[in-house]
Amino acid sequence: MTFRISDLLIRGCLIIIGLTEVAHLAGCLLGWSFLAVTELLLAEIAVAVLVLILSGLIAHKNSIIGKPAPENSKTSGRQQILTVVLVFFILLQVLWILTGGRVWTDGDMTLETVNTFLKENSIYTVDPLTGEPYTQGMSFRLKLLCLPTLYGTISHWSGMAPETVVYRLIPCLTLCMGYLAYGRLGAVLFDHNREKCNIFLIIVGILFCAGTYMPGVDGFDIFYGGFRGVTIRAAVLLPYLFSCLFERKYLGAVLCILAEACMVWTLYGAGVCLLVTLAWVALRWLWTMCSRSDHKKTQAVKTAPGEEDAE
């Protein structure tokens with residue numbers, strides 16, 4: 001076991017989304033008030049944080065036992081410069097989100113839904129656009145999406161305005177979690193070479209900035225719609241999913257699949273993360289079969305008499 005703070009933070013966020021779904025279902029199916037749902041969610045998070053801290057300390061202790069002290073790297077100075085550039089770049093992007101006036105809200109009712117939850121003290125009983133009770137009901141799959149409940153809980157217990165939470169705080173967290181997820185992917189791709197990982201993350205940040213020209217591009221979605229579930233999926237879940245698949249950490253892959261089902265409209269829970277995982281498993285199985293076939297052919301050639309001897 002190795003201790004990685006990025007894994008702990010990302011998986012912690014995914015677990016919080018899952019716990020939010022549990023509390024959210026209590027409000028939807030059992031008719032609990034929104035206040036009761038927030039209290040249940042806070043109790044769940046408190047227990048989960050305690051468990052994560054204890055497991056992280058145990059993993060950290062196991063990882064440092066018998067591990068020799070790292071040698072000084074010849075490129076430590078260059079690594080420090082790249083780290084400073086990366087941190088400065090991230091801070092500029094966070095400032096961009098906090099001070100930006102544009103928000104992409106086309107076809108989105110997240111803020112209106114959060115305001116309805118807080119005002120009515122209930123979950124999905126009033127149409128957020130009209131303020132009137134639902135006359136024809138709404139899709140049960142849509143009711144399962146729990147991000148408005150999470151944002152409303154943060155707003156209720158922090159005292160922050162819902163608009164600040166949805167349009168400022170959450171996009172900043174999405175950006176930071178995205179860098180952590182791509183950092184894990186870079187560590188896998190470049191064999192934990194910190195210098196190459198920093199260069200990789202700087203390139204990712206540049207692409208984020210260059211991709212602000214239209215909706216649907218990761219950069220635009222992060223800076224102008226970081227509160228959306230599809231943005232969290234693209235910026236956090238997918239890169240972290242690939243890193244987990246590369247390292248064969250299938251628990252992390254399962255968390256990504258479940259988190260997507262809780263916050264993005266999917267076909268009965270079968271979203272992009274599940275399709276990527278199934279494709280990955282199929283490719284690995286095909287690669288294994290081809291490798292075994294090549295190995296058997298090689299063994300057959302070695303055991304068969306040589307053509308030169310036959311001649």
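Close amide-amide hydrogen proximity is noted between Trp32 and Gly27, each under 5 Å apart and 5 or more residues distant or on a separate chain (H modeled in the peptide plane; Pro and chain starts excluded). Before rounding to the nearest 500, sum -39500 (n - 2.57) across all DSSP H runs of length at least 4 in the chain and divide by the residue total; then give [θ] at 222 nm in deg cm²/dmol. Helix contribution divided over all residues of the chain: -23000 deg cm²/dmol.
Phi-derived couplings, Karplus 6.51 cos²θ - 1.76 cosθ + 1.60 at θ = phi - 60°, listed residue by residue for the stretch 76-81: 4, x, 5, 4, 5, 5 Hz, with x used for Gly and Pro.
With a Cα cut-off of under 23 Å and a minimum spacing of 8 residues unless on different chains, the lysine pairs in the chain number 5. Projecting the Cα atoms of Val230, Ser33, Leu57 onto the dipole axis of the chain, where Lys and Arg carry +1 and Asp and Glu carry -1 at the beta carbon, places Leu57 farthest toward the positive end.
When each of the peptides 148-154, 96-102, 217-223, 123-129 is scored by how many other beta carbons lie within 10 Å of its residues on average, the order from highest to lowest is 148-154, 217-223, 123-129, 96-102. Within the listed set Ser291, Ser155, Ser76, the Gaussian network model of the chain (springs between alpha-carbon atoms below 10 Å) gives the highest mean-square fluctuation for Ser291.
Between Leu95 and Ala161, the FRET efficiency estimated from the beta carbon spacing at R0 = 22 angstrom works out to 0.70. The heavy atoms of Met214 offer some 90 square angstrom of accessible surface to a 1.4 angstrom probe. Taken one residue at a time, the phi angles of the stretch 7-18 give Karplus couplings (6.51, -1.76, 1.60, θ = phi - 60°) of 4, 4, 5, 5, 5, x, 5, 5, 5, 4, 4, x Hz. Gly and Pro are set to x. The packing ranking, built from the mean of other Cβ atoms within 10 Å per residue, places the peptides 35-45, 178-188 in the order 178-188, 35-45, highest first. Work from the charge dipole of the chain (Cβ charges, +1 for Lys and Arg, -1 for Asp and Glu, about the Cα centre) and give the residue of Thr113, Ala48, Val165 farthest towards its positive end. It is Ala48, whose Cα lies furthest towards the positive end. Based on C-alpha pairs under 8 angstrom that are at least 6 apart in sequence, the chain has a relative contact order of 20 percent. Assuming charge only on the beta carbon of Lys and Arg (+1) and of Asp and Glu (-1), the dipole of the stretch 109-242 about its Cα centre is about 300 debye to the nearest 20. Taking Cα centre as origin and charging only the Cβ of basic (Lys, Arg, +1) and acidic (Asp, Glu, -1) residues, the dipole magnitude of the chain rounds to 720 debye.
Couplings 3J(HN,Hα) for the stretch 139-147, derived from phi with the Karplus relation 6.51 cos²θ - 1.76 cosθ + 1.60 (θ = phi - 60°), are 4, 5, 5, 6, 5, 6, 5, 10, 4 Hz, where x marks Gly and Pro.
The values are calculated or read from the model by the stated rules, or taken from the named source; none is laboratory data. Values in this document were obtained by computation on a predicted structure and should not be read as measured data. Neighbour counts are summed over all protein chains in view; Cβ atoms, including those assigned to glycine, are modelled from backbone coordinates with ideal geometry. Keep in mind that these areas ignore ligands, DNA and RNA; they rest on the heavy atoms of the full protein, side chains included. Shrake-Rupley method; radii C 1.70, N 1.55, O 1.52, S 1.80 Å.
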